Amino acid sequence: MPTWTEHVFARKLGRAPAPGEVVELVPDLVGFHDLTGYHVLEMMEKMGGVDVFDKDRLVVAFDHLSPAPTVRAAEIQVYIRRHVRSLGLRNFHDVGEGIMHQLILERYALPAQFVFGADSHTNMAGAVGAFAQGMGASDIAAMLKLGRTWLVAPQPMKVEIRGEPPRAVTGKDVVLHLLSIYKAEGLNGYSVDVYVERPSAFPMDYRATVSNMSTELGADALMFVPDSETAAFLEKTRGAVPRIDFTQGGKYADEYTVELGRLEPLVAAPHSVDNVKAVAEVEGVEVDQVFIGSCTNGRLSDIEAAARVLKRGRAKARCIAIPASYSVFRQALEAGYVDVLTKAGCVVTYGTCGPCIGGHFGVLGPGEVAVSTSNRNFVGRMGANDSKVYLANAYTAAAAALEGRIVDPRKYL
């Protein structure tokens, strides 16, 4: 019996490669967005022209600088739209439709697929059990023209998630916990297979966050082994569940167990994703801005969590909330969460990366401190080089917005 990683490779190649072996394979999905798409298309033009091996396998989304905040950003989007039209692409998502990773999760990715994108957080599709990996623009350009790519087969690693999360603990705290153990880039060369003991206790939203930030762990991929939660998500979003014949087995290079009941709300303090601390260790730090959103934590459960806290009053810190797609925004609107957030003084938009990359919709000024639900807190990530970013889950971020300082969110639940 193989590991899930070996099973996925064997379905594509007819066999499971040895770790370290270079393999050639055909991608199932390829994606790029406005920030990387320009470079992908420019590289393809240098290769002899913009053409793709299978246009139905390409997903393009405008998300990073969307809507365009500068003339240059608008020029790039015009350039990409021109090529989208000439190629006759159907899987094109213009301004406002959503962040590429969220759209791939909502609409396209399936278990055991190979998904590649010109963005480092493409790993997020691993939430449904796809082997998903970010690559550079030249790699994606070559892949689209040739219809194949090459990988170094990773070592399989196993993570088991047991129990149920206590209040105010989410998928963000699980991945921050893993970062505290393995550190940034600590899982280079590994493909992580995640098994969930109680599938309904760790929903798809939480899985997406963990897969997303496996990039910060340096993992080649992080895949949740499909279970009843996966099936329910695919039935809801695709209307059908693909048949997967897999029995857990195989030998893993390393194994780790996460006991959810032992976790508490965590933060990654400046300026490293693995500078992980309990909220209690940084309680009282004054906050200028809070960002609730991004491909990491812009899903419905995150907006709901923020609303549960912010219904208590008006935010003392600037608060920006950005659901990761139009679909999530509409669900949040219909559920009344957007009303709660706006009454609390939050600025709410949707379908853009915005402040996560220091692009727009909330760039930090000199010396400012932010609590963000995004995935990186490097120097200058969200604005000025002397600004500081604390990464946290949506409960902790909303509590910081409410009080204007970092506090334990559990008192509001």
Give me log10 I(q)/I(0) at q = 0.12, 0.15, 0.18 Å⁻¹ for the range 325-413, Debye formula, one equal scatterer per alpha-carbon, no solvent. -0.40, -0.63, -0.90
Treating every alpha carbon of the chain as one equal point scatterer without solvent, the Debye formula yields log10 I(q)/I(0) values at q = 0.06, 0.07, 0.10, 0.12 Å⁻¹ of -0.22, -0.30, -0.63, -0.92
Could you work out the local net charge near residue 373, counting Lys and Arg as +1, Asp and Glu as -1, over the other residues with Cβ closer than 11 Å to its Cβ? +1
What longest region of the chain stays clear of chymotrypsin sites (Phe, Trp or Tyr not before Pro) that DSSP places outside H, G, I, E and B and that have at most 15 other Cβ atoms within 10 Å? 54-377
Report the charge-dipole magnitude of the range 22-151 in Debye, nearest 20, computed about the Cα centre from +1 at each Lys and Arg Cβ and -1 at each Asp and Glu Cβ. 220
What dipole magnitude, in Debye to the nearest 20, does the range 154-264 give about its Cα centre under +1 on Lys/Arg Cβ and -1 on Asp/Glu Cβ? 180
In whole Å, what is the distance between the alpha-carbon centres of the range 363-405 and the range 292-352? 16
Work out how far the C-alpha atoms of the range 266-408 reach from end to end along every principal axis, then list the three figures in whole Å, largest first. 38, 28, 23
The distance between the Cα centres of the range 196-229 and the range 84-106, in whole Å, is 23
Taking other Cβ within 10 Å of each residue's Cβ, how do 227, 28 sort, fewest first? 227, 28
Net charge dipole size for the chain [Lys, Arg +1 and Asp, Glu -1 on Cβ; Debye, nearest 20]: 740
What is the sum of charges, Lys and Arg at +1 and Asp and Glu at -1, for the other residues whose Cβ falls under 12 Å from the Cβ of residue 260? -2
How long is the gain from residue 330 to residue 413 if the chain were fully straight, where each residue apart is worth 0.36 nm and the alpha carbon distance is subtracted? 27.4 nm
Explain nothing, just compute: Karplus ³J(HN,Hα) = 6.51 cos²θ - 1.76 cosθ + 1.60, θ = phi - 60°, for every residue of the range 91-100 in order, whole Hz, x for Gly and Pro. 8, 10, 10, 7, 3, x, 7, x, 6, 3
Where the Cα pairs of the range 22-151 fall when distances are cut into 10 Å bins, in %: 14, 48, 32, 6, 0
Mind listing the long-range amide H neighbours of residue 369? Cut-off is under 5 Å, sequence gap 5 or more, other chains count too, H placed in the peptide plane at 1.01 Å from N. 288, 289, 388
Among 183/388; 236/411; 172/277; 55/145; 277/411, which pairs are too far apart, with a Cα-Cα distance over 22 Å? 236/411
Bin by bin, in steps of 5 Å, what percent of the Cα pairs in the range 154-264 do you find, going until the bin that has the longest distance? 2, 12, 22, 25, 20, 13, 6, 1
Charge tally in the Cβ shell below 13 Å around residue 137, where Lys, Arg are +1 and Asp, Glu are -1, residue 137 excluded: -3
Ranking 7, 221, 200 by how far each Cα lies towards the positive end of the charge dipole of the chain (+1 on Lys and Arg Cβ, -1 on Asp and Glu Cβ), the top one is 200
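The numbers here are math on the coordinates, done by the rules we state, and not lab data. It should be emphasised that the depicted structure is a prediction, and the values quoted were computed from it without experimental measurement. All Cβ positions, even for glycine, are placed from backbone atoms using ideal geometry, and neighbour counts span all protein chains on display.
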